[in-house]
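Coordinate-derived values only; no laboratory data. Bear in mind the structure is a predicted one, so any value in this text is a computation, not a measurement. Here the Cβ positions follow ideal geometry from the backbone for every residue, glycine too, while neighbour counts run over all protein chains shown.
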Amino acid sequence: MDASNAPTPAGLAELAGTWAVPVGGDALFTWDYDQRSDRLINLYAKGKQRQWDADTRLDWSREVDPGDPLGMPDELIWIADSELWDRLPETERQVVRRHTAGWMYSQFLHGEQGALVCAAQVVRMVPGIDAKFYASTQVMDEARHVEAYDRYLREKIGVRYPITSSLQGLLDTIVRDPRWDFTYLGMQVLLEGLALASFSIQRDLMTDPLAKAFNAYVLEDEARHVAFGQIALREHYRDLTEAERREREEFALEACYVLNERYVGNELWHSLDYGAQECIEITKRSAALRVFRYRLFSRVVPALRSIHLFGPRMQEGLGSLGLLRFAREDQNTMIEADERIAREIELLELARRRAEIDGAVALGEEAR
Ligand SMILES: [Fe+2]
Ligand SMILES: [Fe+2]
């Protein structure tokens, strides 16, 4: 198919509109302003201090390759390891690269909006003032992420897709449930895990410098979000009854199943013209998807373990999905690495810009 036939931002009318999900649960006020956990207040302080502005932090003047806007190595293209890919001429491969980038970044965009809505819901439902403080910084973080992924799609990729049904289904369940801990579990553990996996692949494996830097900065924020979910849920889940634990384990397992089996780019392959079913089958056995699943579950499974959702039902369910081996991964080391890498990239970027400015000043002086 020709790239010009593909959905483009100019043809986004069908993506416009709203999606209404009824929400339950109480809006909780507290009159106790004194009870504060040091860990939450520290996280809140970090959240305030580490806000960044994509308009100024990123160098949007960098040109990207329109046929490969992320600098995506072939190994990460879902259909690259196939005869179908071998037969495609380079012009068609460029269409696949651009549309894969468009599909992925569209899911990041919609997922970030889901996080924005859920974080606002957490502010409303969470009992403690310290957690309300912290969650309000996350609302701002997620708004900045929505803004930046939207800009990236518009200016650098130029192709946009609607939300994929697996992600929409998860968001629907998370937002609709009246129990605050389901919102936390769904958002702060499962969808944040999806975010960590996706953005770390962008940061570590894409070759475009803008994509790498952007995702590194987003990841630094996401590390705080995951930490919040852990602090809040670890305590709450320690004292659950067996029936309550089982209900939460079933919910988390269903989400793991959906992310393991159904996050395969359905809309992407249906919009391109290479035989959707064949592309989906190739995607399911691709090395690229194995990389994604490895990154996803090496974040999510240890998180489930650390919040005490690791009873016999969970272990059996994870075992049947082949995911139990991730239980021993050390998530704190990963979170620390996310923060360190973001700071390193920021310093490199500052040095690069300073050198550019010095170079321009020197040229100006020479010309005098
Ligand atoms: Fe986010
Ligand atoms: Fe987040």
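Within segment 114-169, report the trypsin sites (Lys or Arg not before Pro) that DSSP leaves as loop and that have at most 14 other Cβ atoms within 10 Å. Provide the component values of the computation, followed by the final result.
Working: sites: ARG124, LYS132, ARG144, ARG151, ARG154, LYS156, ARG160; in loops: ARG160.
Qualifying residues, ordered by number: none.
Could you work out the mean projected area of the convex hull around the alpha carbons of segment 234-300, in square nanometres to one decimal?
The orientation-averaged projected area of the Cα hull of segment 234-300 comes to 5.8 nm².
Which whole-Hz ³J(HN,Hα) couplings does segment 84-92 yield from phi under the Karplus relation 6.51 cos²θ - 1.76 cosθ + 1.60, θ = phi - 60°, glycine and proline marked x?
4, 5, 4, 7, 6, x, 4, 4, 6
To the nearest 500 deg cm²/dmol, what mean residue ellipticity at 222 nm is calculated for the chain from DSSP H runs of n ≥ 4 alone, each contributing -39,500 (n - 2.57), summed and divided by the residues?
Only helices count here, giving -22000 deg cm²/dmol.
When the expected Rg is taken as 2.2 N^0.38 Å, what fraction or multiple of it is the alpha-carbon Rg of the chain?
Cα Rg divided by the expected 2.2 N^0.38 Å: 1.03.
Can you compute the modelled spin-label distance between ASP81 and ARG313, with each label point 7 Å from Cα toward Cβ, in nm?
Result: 3.5 nm between the two label points.
For the chain, what is the relative contact order in percent, using Cα pairs closer than 8 Å and at least 6 residues apart in sequence?
Values: 420 pairs, mean separation 81.1, N = 368.
Here the relative contact order equals 22 percent.
Stretch ASP358-ASP74 to full length: gain in nm at 0.36 nm per residue minus the Cα-Cα span? Walk me through the numbers before you get to the answer.
Details: separation 284, 0.36 × 284 = 102.24 nm, distance 3.70 nm.
So the extension gain works out to 98.5 nm.
Can you sort TRP269, TRP31, TRP52 so the residue with the fewest Cβ neighbours within 10 Å comes first? Intermediate values should be presented prior to the final figure.
Working: TRP269 24, TRP31 5, TRP52 17.
Lowest to highest Cβ neighbour count: TRP31, TRP52, TRP269.
Provide ASP273, ASP32 in ascending order of the number of other Cβ atoms located within 10 Å of each residue's Cβ, fewest first.
The most exposed by this proxy come first: ASP32, ASP273.
Too long at a 22 Å Cα-Cα cut-off: which of LYS156/LYS284; LYS48/LYS132; LYS46/LYS156?
On the way: LYS156/LYS284 28 Å; LYS48/LYS132 13 Å; LYS46/LYS156 30 Å.
Over 22 Å Cα-Cα: LYS156/LYS284; LYS46/LYS156.
For segment 285-298, take each phi angle, set θ = phi - 60°, evaluate the Karplus expression 6.51 cos²θ - 1.76 cosθ + 1.60, and give the result in whole Hz per residue in order, putting x for glycine and proline.
Computed from phi, the couplings for segment 285-298 are 9, 7, 5, 4, 6, 5, 4, 4, 5, 4, 5, 5, 7, 6 Hz.
Can you compute the modelled spin-label distance between LEU321 and SER165, with each label point 7 Å from Cα toward Cβ, in nm?
Going from the LEU321 label point to the SER165 one covers 1.9 nm.
Taking the beta-carbon count within 10 Å as an exposure proxy, list HIS270, HIS99 from fewest neighbours to most.
So the ranking, lowest neighbour count to highest, is HIS270, HIS99.
Mean shadow of segment 43-119, computed from the convex hull of its alpha carbons, in nm²? Let's see the in-between values first.
Details: hull surface 29.8 nm².
Answer in nm², one decimal: 7.4.
Using θ = phi - 60° and the Karplus form 6.51 cos²θ - 1.76 cosθ + 1.60, what ³J(HN,Hα) does each residue of segment 210-225 get, whole Hz, x for Gly and Pro?
5, 4, 5, 5, 4, 5, 5, 5, 4, 4, 4, 5, 4, 4, 5, 5
Relative contact order, percent, of segment 76-168 when contacts are C-alpha pairs under 8 Å separated by at least 6 residues? Kindly include the intermediate steps, with their values, before the conclusion.
On the way: 74 pairs, mean separation 34.7, N = 93.
Across segment 76-168, relative contact order equals 37 percent.
Any idea what the dipole of the chain comes to, in debye rounded to 20, about its Cα centre with Lys/Arg Cβ at +1 and Asp/Glu Cβ at -1? Show your work: numbers first, answer last.
Values: 45 positive and 61 negative charges, 134 e Å.
It comes to approximately 640 debye.
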